[in-house]
Amino acid sequence: MNIKEELIKLRNELLARRDMEEIKKQEEKEQNIPNDTKESVKDEYTTFRKIDSRLRNLDDKVDNYINWYFNNAVKGHYTPIGEYNEPRSMRDLIEKVAVWYELRYPKYEVNRLMPGSSEERTEINDVMFNNNQYFNDMLNSSNNVNLNWADFYSKEAFIKSLPSDEQFMFREVHYRSNVTIDANVPYLVRLHFTPDGIVDNAENFNYLIKDKSTDLDSYFVGKHIKEVLQYLRSNNISLNPNNNLEEEIKWHDKWVFLKDEFLNCVMYRIIERGGNRIGPRRAFLFAKEFNRNIDIPMMYGVDTSDPGLKLFVDEYIKAGGSIDLICYENYSKSKKNEMLSSVSVGEILTIKNRSKGRQYTK
């Protein structure tokens with residue numbers, strides 16, 4: 001090996017070492033997400049506009065979530081056997097939901113909705129209904145029926161088919177109906193809430209202040225629980241450490257994040273399982289239905305050899321996507337931690353339209 005080759009090898013080793021150190025720092029950051037408020041656990045993609053060209057593996061994000069789930073919702077709340085089984089059960093449920101979406105939208109159906117390669121003649125409605133012998137025998141009719149498989153195997157039907165402990169992950173998180181405030185007064189200081197955390201009744205808060213010009217019991221009605229806490233802090237009305245009001249907010253926001261990120265992890269697995277073209281398109285359908293960030297499937301869905309890439313981008317733009325979004329190129333064909341080139345959605349449109357000799361409309 002000559003001196004030039006030695007220098008190139010040394011440079012690559014140094015770059016790889018630096019990259020791995022940065023990746024390790026990012027992973028440590030993700031695994032130690034604080035659980036005090038919803039703002040502190042926002043999805044990293046919420047304000048996304050630019051990305052590092054280093055590959056961020058989606059399976060790693062699922063692993064990080066499982067670790068967060070164990071540390072914040074399992075550890076110390078279960079027996080040793082439960083602590084072992086709960087993270088595995090969570091991972092299995094993520095996989096189950098991803099598989100359901102594959103069954104609901106097989107490859108040929110995704111290709112029919114958003115063409116990306118050669119289309120098959122198979123249609124899922126024919127498979128599940130029109131050509132289903134059992135179904136036709138039950139109807140005692142040879143006539144085709146006008147049913148849609150995606151509607152038949154709907155989100156609602158799938159969730160209802162799950163055991164109750166798994167259905168829990170799809171239910172909205174509600175605030176408790178009332179919270180008692182720890183206060184050194186001879187009266188019960190309490191707030192009553194709607195499920196969304198809006199105060200519909202307040203009791204005895206006037207005993208916490210010397211200035212009686214403001215009727216706090218009336219003032220708090222209609223306010224959100226976080227507005228109440230902010231008011232108390234701003235007016236130096238002291239609360240005991242670990243008081244019920246702050247603990248309720250922490251509990252609520254932790255479970256909102258847990259369930260929200262659970263759906264994100266399902267989307268990550270849909271992308272990974274589906275491959276370079278079908279995965280992101282199927283995840284895009286999932287994102288729209290479950291109110292996920294549509295940027296994510298687009299970010300990981302740029303296959304430069306995909307003849308239907310512009311059609312996919314068109315669907316993303318029509319759904320409210322941004323032309324400024326920066327995407328990985330050929331994510332599914334790359335190795336973990338590989339440096340990838342990136343391209344914006346606007347650049348994809350420009351390139352694809354230029355190749356066809358036409359301009360994209362405003």
- line: Taking the stretch 208-223 and keeping residues out of contact with any strand residue (DSSP E or B) (no Cβ under 7 Å at 6 or more places or on another chain) and not aliphatic (A, V, I, L, M) leaves Lys210, Asp211, Lys212, Ser213, Thr214, Asp215, Ser218, Tyr219
- prompt: Can you tell me which residues in the stretch 67-77 are in a helix (DSSP H, G or I) and either in contact (Cβ under 8 Å) with a residue 40 or more places away in the chain or farther than 13 Å from Met90 by Cβ (or both)?
  reply: Trp68, Tyr69, Asn71, Asn72, Ala73
- line: If we keep only residues of the stretch 97-116 that are β-branched (Val, Ile, Thr) and within 16 Å of Asn264 (Cα to Cα), then the residue surrounded by the fewest Cβ atoms within 10 Å (Cβ to Cβ) is Val99
message: Among the residues of the stretch 171-200, what is the count of those that are closer than 16 Å to Leu216 by Cα and exposed (fewer than 13 other Cβ atoms within 10 Å of the Cβ)?
response: 3
- prompt: Which of the residues that make up the stretch 201-258 are open to solvent by 40 Å² or more (accessible area, probe 1.4 Å), aliphatic (A, V, I, L, M) and not in a loop (DSSP other than H, G, I, E, B)?
  reply: Leu208
task: Give me a count of the residues in the stretch 233-245 that are over 16 Å from Pro195 (Cα atoms) and touching a residue at least 24 places away in the same chain (Cβ under 8 Å).
output: 6
Residue within the stretch 310-317 that is open to solvent by 30 Å² or more (accessible area, probe 1.4 Å) and touching a strand residue (DSSP E or B) at 6+ places or on another chain (Cβ under 7 Å) present: no
- prompt: Is the stretch 269-291 home to any residue that is surrounded by fewer than 21 Cβ atoms within 10 Å (Cβ to Cβ), touching a helix residue (DSSP H, G or I) at 6+ places or on another chain (Cβ under 7 Å), modelled with pLDDT of 95 or more and farther than 30 Å from Pro115 by Cβ?
  reply: no
field: Filtered residues of the stretch 77-123 (kept if among the aromatic types (Phe, Trp, Tyr) and over 30 Å from Pro307 (Cβ atoms))
entry: Tyr78, Tyr84
Exclusive hit being farther than 22 Å from Leu162 by Cβ and modelled with pLDDT of 90 or more, set Trp68, Trp100: Trp68
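The values are calculated or read from the model by the stated rules, or taken from the named source; none is laboratory data. As the structure is a computational prediction, the values presented were derived from the model and not from experiment. FYI the Cβ positions are ideal-geometry reconstructions off the backbone, even for glycines, and counts take in every protein chain you see. Keep in mind that these areas ignore ligands, DNA and RNA; they rest on the heavy atoms of the full protein, side chains included. Shrake-Rupley method; radii C 1.70, N 1.55, O 1.52, S 1.80 Å.
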